[in-house]
Each structure stands twice: as C-alpha cells, then as structure tokens.
Amino acid sequence: MINELYGLFGEIFEIAQYIEWNIALISSKSQFNKAKNIFEDMQEMTMGQIVNIAREVEYFENEDIEELEYILNKRNYLAHQFFKQNDIVKHKENYKFIDNKIRELNNILNRFEKFNNYMSRFYRNNF
C-alpha cells in the first residue's frame with residue numbers, strides 16, 4: 001500500500017508539471033511577438049509565478065484561474081506539508097490511515113488530470 005501512495009505522489013507531480021507546461025504554452029500564445037522568450041522564461045519560474053502570469057492572459061476564464069489556484073495550493077501542500085503533517089513512516093502499518101491517504105491522493109490526481117486534459121484540448125483546438 002505504501003508503494004501505491006508514493007506512486008500516486010509521483011503521478012501528481014508529473015501532471016502538475018504538464019499543467020505548468022500548458023499554462024506556459026497558452027500564455028506565450030497571447031504575446032505573439034514575444035512568445036518564444038516568454039515561453040523560455042516561464043520554464044525557470046515557480047508554479048506560483050506561472051499562475052500569476054496566467055491571471056493576466058485573456059484565454060483564461062475566472063474558473064480556470066480558480067482551478068489553477070486550487071492546483072497550486074494542493075501542489076504546495078504535497079511538496080511542503082504532506083509528509084510532515086501525516087507522518088507516513090509512523091503510520092505505514094496502519095492500513096486504514098494509508099488507504100485514506102491513497103484516496104486523498106487519487107482525488108487530487110483525478111482533479112489535476114481533468115484540468116490538464118482540459119488545457120491540452122484547449123491548446124490543440126485553438127493554436
């Protein structure tokens with residue numbers, strides 16, 4: 001069970017990076033004459049910086065920005081708090097606890113994947 005938890009953790013961060021990539025692609029398309037430079041600059045930014053840029057891009061609706069803020073908050077929770085708050089090593093034999101954490105991570109992963117798929121379709125259909 002613990003390996004499933006770690007696997008989900010990795011999948012979530014993979015999708016989070018794809019979301020960052022898609023935001024960078026879409027954002028750079030809004031700045032036609034500077035697109036290449038903006039895209040390259042965004043590769044070095046944090047997800048929070050990328051979300052701030054997305055707020056200024058006409059292609060993103062308020063609902064998109066709200067979802068990006070949710071994703072950023074969950075990503076930051078996972079990166080900076082998840083293991084400290086949950087002490088997975090201490091609870092690794094507590095199957096009910098681990099199962100609950102797996103469900104939590106699955107819910108996060110599903111929401112990240114849904115938004116990433118939406119962003120990918122948006123990019124393919126508009127550019």
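Out of 123, 77, one residue alone is of a type in the set (Ser, Thr, Tyr) and either over 17 Å from residue 25 (Cβ atoms) or open to solvent by less than 20 Å² (accessible area, probe 1.4 Å) (or both). It is 77.
Screening the candidates 71, 23, 98, 19 for the property of being under 14 Å from the mean Cα position of the chain (by Cα), under 19 Å from residue 110 (Cβ atoms), assigned to a helix (DSSP H, G or I) and in contact (Cβ under 8 Å) with a residue 60 or more places away in the chain yields one hit, 19. The number of residues in segment 35-58 being modelled with pLDDT of 90 or more and farther than 19 Å from residue 17 by Cβ comes to 1.
On the stretch given as segment 39-68, residues that are open to solvent by 40 Å² or more (accessible area, probe 1.4 Å) and not in a helix (DSSP H, G or I) total 9. Being touching a helix residue (DSSP H, G or I) at 6+ places or on another chain (Cβ under 8 Å), in a helix (DSSP H, G or I) and over 24 Å from residue 125 (Cα atoms) is a property that residue 103 lacks.
The values are calculated or read from the model by the stated rules, or taken from the named source; none is laboratory data. As the structure is a prediction and not an experimental result, all values here were calculated from the model. Reconstructed Cβ throughout: ideal geometry from the backbone, glycine too, with neighbour counts over all protein chains shown. To get the accessible areas, we keep the full protein, side chains included, count just its heavy atoms, and leave off ligands, DNA and RNA. Shrake-Rupley method; radii C 1.70, N 1.55, O 1.52, S 1.80 Å.
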